[in-house]
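Worksheet: the structure to be examined is printed underneath.
The values are calculated or read from the model by the stated rules, or taken from the named source; none is laboratory data. Note that the structure is predicted; figures quoted are calculated from it, not measured. Cβ placement follows ideal geometry from the backbone for every residue including glycine, while neighbour counts extend to all protein chains displayed. Only protein heavy atoms, including side chains, enter the accessible area calculation; ligands, DNA and RNA are left aside. Shrake-Rupley method; radii C 1.70, N 1.55, O 1.52, S 1.80 Å.
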Amino acid sequence: MSRLALSLRINGETHEVLTAPHRTLLDVLRDDLGLTGTKENCLEAECGVCTVLLDGRAVNACILLAAQCAGREVVTIEGLARGAELHPLQRAFVEHGAVQCGYCIPGMLLAAKAYLDEDGAPTEDGIREALAGNLCRCTGYQKIADAVLAAAAALRGSRAGGGGCTHP
Amino acid sequence: MSFEYHEPAAVAEAVALGARFGEAGRFLAGGTDLIIQMRRGKVAPRHVLSLHRVPGLDRIEANGAITLGALVTHRAVERCADFQGPLGALVEGARVVGGHQIRNVATVGGNVVNASPAADVVPVLLTLDATVTCLGPDGERTLPLEGFLTGPGQTARRPGELLTAIRFERLPPASATAFLKAGRRRAMEISVVCVAARLTLDPARERCLAARITLGAVAPTTMRARAAERALEGRPLTDDVLREAGRLAAGECRPISDVRASARYRRLLVETLVPRALRRCRERIGGGA
Ligand SMILES: Cc1cc2nc3c(=O)[nH]c(=O)nc-3n(C[C@H](O)[C@H](O)[C@H](O)COP(=O)(O)OP(=O)(O)OC[C@H]3O[C@@H](n4cnc5c(N)ncnc54)[C@H](O)[C@@H]3O)c2cc1C
Ligand code: FES
Ligand code: FES
């Protein structure tokens with residue numbers, strides 16, 4: 001079978017991988033690069049646990065061929081915090097008790113980040129719509145919605161304060 | 001899944017590869033239908049032709065007639081300022097396709113070529129009398145969308161032909177559109193029934209000049225409810241007339257029973273949603289009747 005040599009930009013680093021054409025970004029992240037923060041479940045774009053950012057937009061890594069990502073910017077959950085400093089969304093999730101088993105959370109955080117990057121002053125309805133593609137079997141969603149609202153406020157504060165949030 | 005992967009960088013190259021591989025090749029846009037069908041073993045192309053590097057097909061041109069490039073995403077439709085007024089049903093249809101992750105990558109062209117009878121944007125395009133343009137080695141041809149859809153998952157596209165654009169005219173004055181979807185939950189759900197409508201009234205806003213009513217998930221293809229349309233044209237749009245259109249549409253659709261709903265329930269939904277969509281159009285136009 002043919003193999004493709006791909007140059008993938010993930011969390012700001014370049015990775016050279018050799019892979020079969022049918023392998024998804026999710027396969028390569030988890031199995032080749034050991035980036036297991038991106039979860040795997042339905043493999044049919046239904047549950048959202050595999051959500052990553054591709055050129056800044058939330059996408060399901062389970063239905064995206066790795067080959068389609070060559071030369072584009074991928075951000076996974078491993079790239080959200082800046083060193084030891086959590087992203088405001090991560091901090092808000094912890095502070096609001098929005099995490100139970102945690103399985104859905106990497107996808108939730110990245111879907112929420114893409115949404116807040118587009119709309120810095122969201123409503124709760126807007127947040128629920130933005131996270132409709134992310135299933136959570138534990139929390140009942142309310143605390144997740146609360147956390148995203150709080151993070152949006154925190155991000156607006158840091159921007160207004162000239163803090164210059166430069167997260168990827 | 002096992003296939004050769006290709007990444008054409010121009011329309012001409014995509015068309016040449018399409019022609020070379022014919023039935024053995026598949027174009028890949030957002031992959032939200034294709035990759036899943038491949039993983040389920042429903043289709044097994046030997047060549048996958050990803051379109052993400054082909055420039056120019058992701059544009060919405062809105063000077064005079066409107067042209068949607070085949071690679072325009074549902075998210076782009078949802079956010080297009082030109083579709084806020086009379087063409088609002090495009091936004092209403094696009095914004096219920098899956099969640100953000102789906103809409104960020106899934107394309108209007110994919111929705112059309114996949115030809116699911118339950119597709120949500122297709123019925124809206126049908127109310128706009130849209131045409132589709134396909135490009136093959138023998139050149140370009142433009143067909144009415146209605147004739148393009150020939151069965152569930154079936155279109156008049158020839159093997160290897162690239163869908164390049166979907167076109168429709170702007171609506172005349174005193175026109176409006178509406179789209180309604182019934183699913184088992186509000187988001188991330190295939191339509192049990194969806195309905196799109198377009199009304200154009202006379203300048204006095206008293207009588208209906210033109211009506212389009214299209215129905216999804218109640219026939220082998222997205223369908224026009226022609227008897228219901230005829231019952232509106234030339235008449236003042238009283239509530240009784242709109243309800244009559246609902247009854248006619250329920251009569252002319254051909255639903256089946258499946259895991260999502262019974263045929264009987266689907267007919268009831270059509271009878272309810274058609275007048276509701278028409279009322280919405282009437283309110284959006286304002287005045288008269
Ligand atoms: C979780 C989930 C939820 C969904 N919800 C909805 C929904 O609510 N409503 C709805 O209508 N759909 C829904 N869909 C289906 C799907 O997202 C849409 O039909 C979408 O528009 C398909 O576009 P795509 O770009 O992903 O197509 P792809 O999967 O890339 O392609 C679909 C088909 O079209 C062909 N094709 C694509 N582009 C071209 C072209 N330019 N020329 C020739 N052939 C082409 C491909 O070869 C393939 O056969 C959902 C899918 C998923 C996974
Ligand atoms: S594993 Fe990708 S959406 Fe469920
Ligand atoms: S916290 Fe357990 S699935 Fe969401």
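For the range B:14-47, state which residues have at least 20 Å² less accessible area in the presence of all protein chains than in their chain by itself, taking the probe as 1.4 Å and leaving out ligands, DNA and RNA.
Buried by the other chains: B:L28, B:I35, B:I36, B:R39, B:R40.
Quick one: P(r) of chain A from all Cα-Cα pairs, 5 Å bins, percents rounded to integers, in order of increasing distance.
Histogram of Cα-Cα distances, whole percents per bin: 1, 9, 18, 21, 19, 14, 9, 5, 2, 1, 0.
After finding the eigenvalues of the alpha carbon gyration tensor for the range B:4-50, what semi-axes result from the square roots of 5 times each, listed largest first in whole Å?
Calculated on Cα positions only, the semi-axes equal 19, 12, 7 Å.
Relative to the compact globular guide of 2.2 N^0.38 Å, what is the alpha carbon radius of gyration of the range B:49-181, as a ratio?
0.99
Determine one quarter of the surface area of the Cα convex hull of the range B:175-286, which equals its mean projected area, and express it in nm² to one decimal.
Approximately 6.5 nm², given one-decimal rounding.
Pull up all non-local amide H partners of B:T155: gap of 5 or more, or a different chain, and H-to-H distance under 5 Å with H placed in the peptide plane.
Residues meeting the criterion, in which the H sits 1.01 Å from N, are B:T150.
Would you be so kind as to list the residues of the range A:43-69 that have their accessible area lowered by at least 40 Å² in the full protein complex compared with their chain by itself (1.4 Å probe)?
Listed in order, they are A:E44, A:R57, A:A58, A:I63, A:L65, A:Q68.
On a C-alpha basis, how far is the centre of the range A:3-75 from the centre of the range B:262-280 in Å? Whole number, if you could?
What the calculation gives is 42 Å, centre to centre.
What total accessible surface area, summed over both chains, is buried at the interface between chains A and B, computed with a 1.4 Å probe and given in Å² to the nearest 100?
The A and B chains share an interface burying roughly 2600 Å².
On the accessible surface of the range B:93-146, probed at 1.4 Å, how many percent belong to carbon and sulfur atoms?
For the range B:93-146, the apolar C and S fraction of the accessible surface comes to 52 percent.
Per residue, how much accessible area does the range B:26-104 have with a 1.4 Å probe, in Å²?
On a per-residue basis, the range B:26-104 sits at 39 Å².
Please provide three numbers in whole Å: the alpha-carbon extents of the protein assembly as shown along the principal axes, with the largest listed first.
69, 53, 43
State whether chain B is rounded, prolate or oblate according to the following rule on the C-alpha gyration tensor (a ≥ b ≥ c being the square roots of its eigenvalues): a/c under 1.5 gives rounded; otherwise a/b larger than b/c gives prolate, and the remaining case gives oblate.
prolate
Under the Karplus relation 6.51 cos²θ - 1.76 cosθ + 1.60, θ = phi - 60°, what is the ordered set of whole-Hz ³J(HN,Hα) values for the range A:134-151, x standing for Gly and Pro?
Those phi angles translate into 10, 8, 10, 8, 9, 7, x, 6, 4, 5, 5, 4, 4, 5, 5, 4, 5, 5 Hz.
Any aspartates and glutamates with Cα under 15 Å of the A:K39 Cα? List them, leaving off those in the same chain fewer than 8 positions away.
Straight-distance partners of A:K39: A:D27, A:D31, A:E78.
Charges only on Cβ, +1 for Lys and Arg, -1 for Asp and Glu: so what's the dipole of the range B:175-286 about the Cα centre, in debye to the nearest 20?
Result for the range B:175-286 is approximately 340 debye, rounded to the nearest 20.
Return the long-range amide H neighbours of B:L28 (sequence gap of 5 or more, or a different chain), with a cut-off of under 5 Å between placed amide H atoms.
B:L49, B:S50, B:L51
In deg cm²/dmol, rounded to 500, what helix-only [θ] at 222 nm does the protein assembly as shown give when every DSSP H run of at least 4 residues adds -39500 (n - 2.57) and the total is split over its residues?
Rounded to the nearest 500, it is -9000 deg cm²/dmol.
Give me the 1.4 Å probe accessible area per residue for chain A, excluding ligands and nucleic acids, in Å².
42 Å²
Leaving out ligands, DNA and RNA, and with a 1.4 Å probe, what % of the accessible surface on the range A:4-79 is carbon or sulfur?
The nonpolar share, carbon plus sulfur, comes to 44 percent.
In the range A:75-168, which chymotrypsin sites (Phe, Trp or Tyr not before Pro) fall in coil by DSSP and have 12 or fewer other Cβ atoms within 10 Å?
none
Convert each backbone phi in the range B:133-148 into a coupling constant with the Karplus relation 6.51 cos²θ - 1.76 cosθ + 1.60 (shift: θ = phi - 60°), then list the ³J(HN,Hα) values in order as whole Hz, x for Gly and Pro.
Ordered by residue, 3J(HN,Hα) equals 10, 10, 10, x, x, 8, x, 9, 9, 10, 10, x, 4, 4, x, 5 Hz.
Aspartates and glutamates near A:K143 by alpha-carbon distance under 20 Å, same-chain residues fewer than 8 away left out - which ones?
Counting by Cα, and skipping residues close in sequence, A:K143 has these aspartates and glutamates nearby: A:E95, A:D119, A:E124, A:D125, A:E129.
At 1.4 Å probe size, with the rest of the protein present, what percent of the exposed accessible area of the range A:88-159 is carbon and sulfur atoms?
53 percent
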